[in-house]
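Everything below concerns the one structure shown next.
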Amino acid sequence: MLRSNMADSAKGVSAGFIAKNVQKKINRAQEKVLQKLGKADETKDEQFEQCVQNFSRQLTEGTKLQKDLRAYLTAVKAMHEATKKLSELLEEIYEPDWVGREVVHSISESGDLLWTDYHQKLVDQALLTLDTYLGQFPDIKTRIAKRGRKLVDYDSARHHYESLQGAKKKDDGKIAKPVSLLEKAAPQWCQGKLVAHIVAQSNLLRNQAEEEFLKAQKVFEEINIDLQEELPSLWNSRVGFYVNTFQSIAGLEETFHKEMGKLNQNLTNTLNQLEQQHVNKALPVKGTPSIPAQPEVSNVSAPLEESPPGSPTVKNDNHVPVAVSPTPHAPPPIPKSPSQTLGQENISEVAGKAEISTGSVALEVQAEPQCEVVENENETETPAMTTKNVIPNVVVETSTESTNDAVYDTVPTEESELPPGFQFKVKALHDYNATDTDELNLKTGDVVLVVTYENPEEQDEGWLMGIKELDWIQKKDLKSSRRVFPENFTERIQ
């Protein structure tokens, strides 16, 4: 029996609560309709509305940052897996007798640990911090929505109370009319009670309206005051949060790439050792193209100028620089191409000492040089020789009247304008891409002024110190423009 009464009581309370909420929703809907129709004024707070707009923007930016950071972490994970597979493949193809096998295995394991540590630190120091930052937004968003509902309740209660206050005088007039009628129809003793009842009822309605108005006002102001303080503070906190987040990401990435760079340098050094181990074996490295068989070439060639005494470059009969024994800073090998033949090697000597004819581009390929001897009945002249050696799709014609009349494609430089420590000039026979900041980039045909080292003990065998002639003429700054370059990529011209 007791349980039944308690259940009935609970049902009654629940039904009353539901009815009260339904009535509130109806009142709010009516108030919003009246406000939209302009029949009821709405409380406005422009400063708070600006705070709400900033809150919405802040939430949108934070949500997008969270999404993009998760995508970044996914990419890091994918890169980790790809790098791991590549390292495993290198270990698989690395033969047991190759130098540095254990080093390659150690580098692979260290790289795997670096990727794992980098991903975990990004999660801990960036993603979790971002999740905590965004965790405060749902509660504030709910309170902003509640403030909006309480503002409607406040406006509705205010309008109801104001309407009763304005109708007070009209109610007094309405009370007087029934009294005059009662004087005619009712006994004298009933008239006073009837008037008192009407007045008491009107006062009760006004008191209830005032009480509801004050209650709605209090609830609204409590929520409003809290949000007025929290929203600007939350908006200002975004700067510090963004700074900390991106500083953490940048710092972690910088540390990761530094450590990974060290591992990559170790791997490069190990592979260089492997290359030296197999330098004399038929092991293709660095994608060097194979050199096709060279066609037979006539023995007729332009006379070659012998190296002057004291020249650092030693030449063989075919004008190819002799390879220099390896040193701690060994010069790179001269690049080879399919078109490198004996005739081409001769042409590099002749081209440096003869005028290059214009319009020398042709499509035919000629391998043998042609020699014409000009005779005169009255006097004998030095035979004029024309040599044609064709690089694919290009014919270079050179004509020499005398080996003493050498012509170089250089910019004249007066002796008084030569840099301090000048020794001689050389001309680049091949392109050379510098591999370090103290090396000189060379393009075929560049003229370089060779100078002495500041400290002769620093000079490596097979390397020269110099400055490009054009750089010296334009800048006159030896200190900032001089660099070292491989001697076997050049030939001495002066």
Flag for residue 449 being surrounded by fewer than 21 Cβ atoms within 10 Å (Cβ to Cβ), out of contact with any Cys (no Cβ under 7 Å at 6 or more places or on another chain), over 18 Å from residue 333 (Cα atoms) and among the aliphatic types (A, V, I, L, M): no
Out of 416, 481, 402, report the one residue that is crowded, with 16+ Cβ neighbours inside 10 Å and at pLDDT below 90. 481
Go through (1) at pLDDT 95 or above; (2) surrounded by 13 or more Cβ atoms within 10 Å (Cβ to Cβ) and name the single condition residue 98 misses. (1)
Test residue 74 against the stated conditions and say whether it is assigned to a helix (DSSP H, G or I), among the β-branched types (Val, Ile, Thr), modelled with pLDDT of 95 or more and open to solvent by 80 Å² or more (accessible area, probe 1.4 Å). yes
Search segment 457-476 for residues being assigned to a helix (DSSP H, G or I) and closer than 23 Å to residue 491 by Cβ, and hand back the single one that is nearest to the chain's Cα centre (by Cα). 471
If you go through segment 144-156, how many residues are touching a residue at least 60 places away in the same chain (Cβ under 8 Å) and surrounded by fewer than 16 Cβ atoms within 10 Å (Cβ to Cβ)? 2
For segment 101-124, name all the residues that are free of Cβ contacts under 8 Å to residues at least 40 places away in the same chain, over 29 Å from residue 245 (Cα atoms) and open to solvent by 50 Å² or more (accessible area, probe 1.4 Å). 101, 102, 105, 106, 109
Quick one: is residue 209 in contact with a His (Cβ under 9 Å, 6 or more places away or on another chain) and surrounded by 13 or more Cβ atoms within 10 Å (Cβ to Cβ)? yes
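Rundown of residues vs (1) β-branched (Val, Ile, Thr); (2) open to solvent by 70 Å² or more (accessible area, probe 1.4 Å); (3) at pLDDT below 95, yes/no style:
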residue: 42; (1), (2), (3): no, yes, yes
residue: 50; (1), (2), (3): no, yes, yes
residue: 70; (1), (2), (3): no, yes, no
residue: 80; (1), (2), (3): no, no, no
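The values are calculated or read from the model by the stated rules, or taken from the named source; none is laboratory data. Only a predicted model underlies this, so the values are computations on that prediction, with no experimental measurement involved. Glycine also receives a Cβ, built like all others from the backbone with ideal geometry; neighbour counts cover every protein chain displayed. Side chains are part of the model used for accessible areas, which takes the heavy atoms of the whole protein and leaves out ligands, DNA and RNA. Shrake-Rupley method; radii C 1.70, N 1.55, O 1.52, S 1.80 Å.
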